[in-house]
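In what follows, a single structure is set out as structure tokens and then discussed.
The values are calculated or read from the model by the stated rules, or taken from the named source; none is laboratory data. No experiment lies behind these values; they were computed from the predicted model shown. Positions of Cβ are generated from backbone atoms using ideal geometry, with glycine treated the same way; all protein chains shown enter the neighbour counts. Side chains are part of the model used for accessible areas, which takes the heavy atoms of the whole protein and leaves out ligands, DNA and RNA. Shrake-Rupley method; radii C 1.70, N 1.55, O 1.52, S 1.80 Å.
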Amino acid sequence: DTAVSQTPKYLVTQMGNDKSIKCEQNLGHDTMYWYKQDSKKFLKIMFSYNNKELIINETVPNRFSPKSPDKAHLNLHINSLELGDSAVYFCASSHGLALADTQYFGPGTRLTVL
Amino acid sequence: DQQVKQNSPSLSVQEGRISILNCDYTNSMFDYFLWYKKYPAEGPTFLISISSIKDKNEDGRFTVFLNKSAKHLSLHIVPSQPGDSAVYFCAASGGDYKLSFGAGTTVTVRA
């Protein structure tokens, strides 16, 4: 029974398209995150939501818009995709925002923009 | 500017021996440090953590050491097992709810 799931696992699309990645957690956590792992393998925080409220919004282009319909879901919508958006995107969740609250990661979505 | 650095992209170790992974950080505000392990096609999984009030934390075969003055931490795996072959990420947080990750070290345990 997957704790944090993401769909799709792979996404190949053309430049300029709009796409969404879905994330769901069944851990009962209050906090969810989106990370981007770039070509240099660094995992960088993009967004964080706590109880459906935006907590962290890093310097991400406004083409990226997270949406949290409820505490168990945090979807990522990307408009006007660019080549540089190609990366692996990881969703994660944690009980809360405390440092000791372990973050549980999904399996990742590999996005390729052609 | 990367605030967490793992300068060794890879490490090969014989089964049964010790694996030592190193991590350096630049932000003096970091006060909580974690190691994550990642297998191919999976997300990172939490391994072990340490607060800045400690200099060592042990969990089974895994021990993390923190040297605050040197802004350095290390992960020791003893003894190394084939299942330990994975990418290990060092991460740090300074209380702003954000984790900063290093680029990872790929560990290969040879039989």
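Sort out which residues of segment B:98-108 are among the hydrophobic types (A, V, I, L, M, F, W, C) and either within 12 Å of chain A (Cβ to nearest Cβ) or open to solvent by 30 Å² or more (accessible area, probe 1.4 Å) (or both), and write them in order of number.
Of the residues in segment B:98-108, the ones among the hydrophobic types (A, V, I, L, M, F, W, C) are B:99, B:101, B:103, B:107.
If the condition is that a residue be among the hydrophobic types (A, V, I, L, M, F, W, C) and either within 12 Å of chain A (Cβ to nearest Cβ) or open to solvent by 30 Å² or more (accessible area, probe 1.4 Å) (or both), then B:LEU99, B:PHE101, B:ALA103 are the ones that fit.
Considering only segment B:11-40, state which residues are assigned to a loop (DSSP other than H, G, I, E, B) and polar (S, T, N, Q). Before the answer, list the steps.
From segment B:11-40, those assigned to a loop (DSSP other than H, G, I, E, B) are B:15-18, B:26-31, B:39-40; that's our starting set.
Passing the criteria: B:THR26, B:ASN27, B:SER28.
Taking the conditions exactly as written (open to solvent by 20 Å² or more (accessible area, probe 1.4 Å), touching a residue at least 24 places away in the same chain (Cβ under 8 Å) and of a type in the set (D, E, K, R)), does B:GLU42 satisfy them or not? Spell out the reasoning first.
Details: open to solvent by 20 Å² or more (accessible area, probe 1.4 Å): yes; touching a residue at least 24 places away in the same chain (Cβ under 8 Å): no; of a type in the set (D, E, K, R): yes.
So B:GLU42 fails the test.
Taking segment A:1-27 as the range and being under 13 Å from the mean Cα position of the chain (by Cα) and within 14 Å of chain B (Cβ to nearest Cβ) as the test, the residues that pass are A:VAL4, A:SER5, A:GLN6, A:THR7, A:PRO8, A:LYS9, A:ILE21, A:CYS23, A:GLU24, A:GLN25.
Restricting attention to segment B:53-74, the residues being of a type in the set (A, V, I, L, M) and touching a Lys or Arg at 6+ places or on another chain (Cβ under 9 Å) number 2.
Taking the criterion of being under 16 Å from B:LEU11 (Cα atoms) and touching a Cys at 6+ places or on another chain (Cβ under 9 Å), would at least one residue in segment B:67-75 satisfy it? Yes, because at least one residue in segment B:67-75 is under 16 Å from B:LEU11 (Cα atoms) and touching a Cys at 6+ places or on another chain (Cβ under 9 Å). Looking only at residues in segment A:45-54 that are crowded, with 17+ Cβ neighbours inside 10 Å and more than 7 Å from chain B (Cβ to nearest Cβ), the one that is farthest from the chain's Cα centre (by Cα) is A:ASN50.
You will find that of B:GLY43, B:GLY95, B:GLY83, B:GLY60, the residue that is within 12 Å of chain A (Cβ to nearest Cβ), over 16 Å from B:SER8 (Cα atoms), out of contact with any strand residue (DSSP E or B) (no Cβ under 7 Å at 6 or more places or on another chain) and not charged (D, E, K, R) is B:GLY95 and no other. If you go through segment B:60-99 and keep only what is at pLDDT below 95 and of a type in the set (S, T, N, Q), you end up with just B:SER93. Scan segment B:50-72 and tell me whether some residue there is touching a residue at least 60 places away in the same chain (Cβ under 8 Å), part of a loop (DSSP other than H, G, I, E, B), open to solvent by 50 Å² or more (accessible area, probe 1.4 Å) and among the charged types (D, E, K, R). The answer is no, given that none of the residues of segment B:50-72 is touching a residue at least 60 places away in the same chain (Cβ under 8 Å), part of a loop (DSSP other than H, G, I, E, B), open to solvent by 50 Å² or more (accessible area, probe 1.4 Å) and among the charged types (D, E, K, R). Among the residues of segment B:76-111, those that are under 16 Å from B:SER10 (Cβ atoms) and β-branched (Val, Ile, Thr) comprise B:ILE77, B:VAL87, B:THR105, B:THR106, B:VAL107, B:THR108, B:VAL109.
Taking A:ASN57, is it within 29 Å of B:TRP35 (Cβ to Cβ), open to solvent by less than 40 Å² (accessible area, probe 1.4 Å) and modelled with pLDDT under 95? For A:ASN57, the condition - within 29 Å of B:TRP35 (Cβ to Cβ), open to solvent by less than 40 Å² (accessible area, probe 1.4 Å) and modelled with pLDDT under 95 - is not met. Restricted to segment A:83-95, and to residues there that are open to solvent by less than 10 Å² (accessible area, probe 1.4 Å) and within 12 Å of chain B (Cβ to nearest Cβ), the residue that is nearest to A:PHE64 (Cα to Cα) is A:TYR89. Contact annotation: residue pairs with Cβ atoms under 6 Å, 6 or more positions apart or on different chains, pairing a residue in segment A:43-62 that is touching a residue at least 12 places away in the same chain (Cβ under 8 Å) and at positive phi with a partner that is in a strand (DSSP E or B) and of a type in the set (Ser, Thr, Tyr), are A:LYS52/A:SER68. Scanning segment B:73-97 for residues that are open to solvent by less than 40 Å² (accessible area, probe 1.4 Å) and aromatic (Phe, Trp, Tyr) turns up B:TYR88, B:PHE89.
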